[in-house]
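Chemist: Structure below; questions to follow.
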Amino acid sequence: MEKVFLVDKGTVYTYEKLLADLNNKRTESPYLYVEHNHPYKVFLAIIHSLLFDYPIEVLDGDFSEEEIKELGINRKALMTSKKINEHTLFMNMEEVMKRIYEVDKWQLTLYTSGTTGRPKKMSHSFHTLTRNVRVHKKYEIDVWGFAYNPTHMAGLQVFFQALLNQNTLIHIFDESMKRVPELIKEYTITHISATATFYRNVIPYLQGKEYSKMKRVTFGGEKFDLSLENKMKIVFPNAKMINIYASTEAGSLFAAKSDTFEIKPEYRQLVMITPEQELCIHRSLLGNSISLNSDWFHTGDLVEMIDETHFKFQSRQSEMINVGGYKVNPSEVENILIQVPGVIDILVKSKKNSVTGELLIADVIKNEQMDEKELKKEIKKFASIHLQEWKIPRIIKFVDKLPSTRTGKKVRK
């Protein structure tokens, strides 16, 4: 039976098909721009660029004409390609893997999600993209629930972990949440990596069931939510819960079993926390196209140091809200109010106010069975007990959906 590489909306792509398509592709293009971010086409192009060691610039397939223009890219350039002079034919996937590890000058360029302005360009080598990939025979039968955009850093991390172990990927990022439980069972998914927002959206369809074959559930891209982890542990009783800290600039750097990250010995001289509690990373850990005025890259992430080698992520510096002179971390408020029974997900943001400068607004997705008036009362009551006065949202709105970036993270507009 042929081993499956990817399943996407019912279409099955085997490793045999992947091998044939790699052998039949005889041109190279400087840009990877696939409409709707079709995962198989994205992965095929990336593997091909690796095999023939040519640089590739990955653009989000949902970039608009205006965004492409702002990046300084000519639309016609996206369609350009040239014939590969020396085209090698690969007999099997073992030869493909051997060639991948021999790449020398290969470079992949991608863009930040652009939630705080124009997307920033960042280039990576094979080493920086696979720094924390684990390759071993014991991982050969892993099946990954692919719950990220394939053109962004988190998606690339999962892709390389699966590819280098020749695992199966089940694309669930664009699937209906109702379908995810079926896919987990049908394909015996053993690993899932996703944002907390994805898990919150899917958990109502998972609760009441138990998936004992799930081995690992990974959180990444957003602040860790302990109450959500507890719900996931009930659904996936045998799975390890892992929290990953990664960025477009540096790739995956830190991992934790809960919300406390450890700075490993090899990184201790390469990580710095400023007096303002901002996490900084030494330039040697970054991709190779970022321009810095010093040896340190300021991540914009605020952390709490537990001791000399452990820290907790608190918030993005840009997300802090000033309410009457008090700095409010919206993620902290969300993590408290998500505990109210009937609240499925919540987004805390700000609105200009003539008295306090800004006031807090909470957009809430509720359980369908809950009455709006009653739930609003419960949220306000819970907030008054567990939050300081200036951290309590003054306006609570019920919504059907929360805005998110292309990578599946919350957007605070």
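What follows draws every value from the coordinates through simple rules; no lab data is involved. All values derive from a computational prediction rather than experimental measurement. Ideal geometry is used to build each Cβ from the backbone, glycine not excepted, and the neighbour counts take in all protein chains shown.
Chemist: Name the residue that is farthest from Asn24 (Cα to Cα), counting only residues in region 66-87 that are in a loop (DSSP other than H, G, I, E, B) and in contact (Cβ under 8 Å) with a residue 24 or more places away in the chain.
Modeler: The qualifying residue farthest from Asn24 (Cα to Cα) is Leu71.
Chemist: Could you grab me the full set of residues in region 354-413 that are surrounded by fewer than 19 Cβ atoms within 10 Å (Cβ to Cβ) and among the polar types (S, T, N, Q)?
Modeler: Ser354, Thr356, Asn367, Gln369, Ser384, Gln388, Ser404, Thr405
Chemist: Condition (residue is surrounded by 16 or more Cβ atoms within 10 Å (Cβ to Cβ), farther than 24 Å from Asp259 by Cα and touching a residue at least 24 places away in the same chain (Cβ under 8 Å)) applied to region 334-341: is it met by at least one residue?
Modeler: No, there is no match, as no residue in region 334-341 is surrounded by 16 or more Cβ atoms within 10 Å (Cβ to Cβ), farther than 24 Å from Asp259 by Cα and touching a residue at least 24 places away in the same chain (Cβ under 8 Å).
Chemist: Would you check which residues across region 250-276 are part of a loop (DSSP other than H, G, I, E, B) and touching a Lys or Arg at 6+ places or on another chain (Cβ under 8 Å) and list them?
Modeler: Lys257, Asp259
Chemist: Checking the conditions here, which among Lys409, Lys377, Lys366 is over 24 Å from Asn149 (Cα atoms), charged (D, E, K, R) and either touching a residue at least 60 places away in the same chain (Cβ under 8 Å) or touching a Phe, Trp or Tyr at 6+ places or on another chain (Cβ under 7 Å) (or both)?
Modeler: Lys366
Chemist: Given Phe90, Phe63, which one is under 21 Å from the mean Cα position of the chain (by Cα), assigned to a loop (DSSP other than H, G, I, E, B) and surrounded by 13 or more Cβ atoms within 10 Å (Cβ to Cβ)?
Modeler: Phe63 is the lone residue from the list that is under 21 Å from the mean Cα position of the chain (by Cα), assigned to a loop (DSSP other than H, G, I, E, B) and surrounded by 13 or more Cβ atoms within 10 Å (Cβ to Cβ).
Chemist: Give Ala246, Ala255 a once-over and let me know the one that is in contact with a Leu (Cβ under 9 Å, 6 or more places away or on another chain) and closer than 30 Å to Lys178 by Cα.
Modeler: Exactly one residue qualifies, and that residue is Ala246.
Chemist: Counting residues that are under 16 Å from Met241 (Cβ atoms) and polar (S, T, N, Q), which strands (runs of 3 or more DSSP E) fully inside region 122-219 reach at least 1?
Modeler: Ranges flagged: 191-194.
A quick yes/no check of all residues on (1) surrounded by 17 or more Cβ atoms within 10 Å (Cβ to Cβ); (2) among the hydroxyl-bearing types (Ser, Thr, Tyr):
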residue: Leu253; (1), (2): yes, no
residue: Ser258; (1), (2): no, yes
residue: Glu262; (1), (2): no, no
residue: Thr274; (1), (2): no, yes
residue: Val303; (1), (2): yes, no
residue: Thr309; (1), (2): no, yes
residue: Ile321; (1), (2): yes, no
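Chemist: Yes or no: region 328-339 includes at least one residue that is assigned to a strand (DSSP E or B) and farther than 22 Å from Glu222 by Cβ.
Modeler: Among the residues of region 328-339, not one is assigned to a strand (DSSP E or B) and farther than 22 Å from Glu222 by Cβ, which makes the answer no.
Chemist: To continue, here is another question. Could you check region 1-47 for strands (runs of 3 or more DSSP E) lying wholly inside it with 1 or more residues that are touching a residue at least 40 places away in the same chain (Cβ under 8 Å)?
Modeler: Ranges flagged: 4-8, 31-33.
Chemist: Can I ask one more? For residues that are under 14 Å from Val103 (Cβ atoms) and touching a strand residue (DSSP E or B) at 6+ places or on another chain (Cβ under 9 Å), scanning just region 29-54, find the one that is surrounded by the fewest Cβ atoms within 10 Å (Cβ to Cβ).
Modeler: The residue in question is Tyr54.
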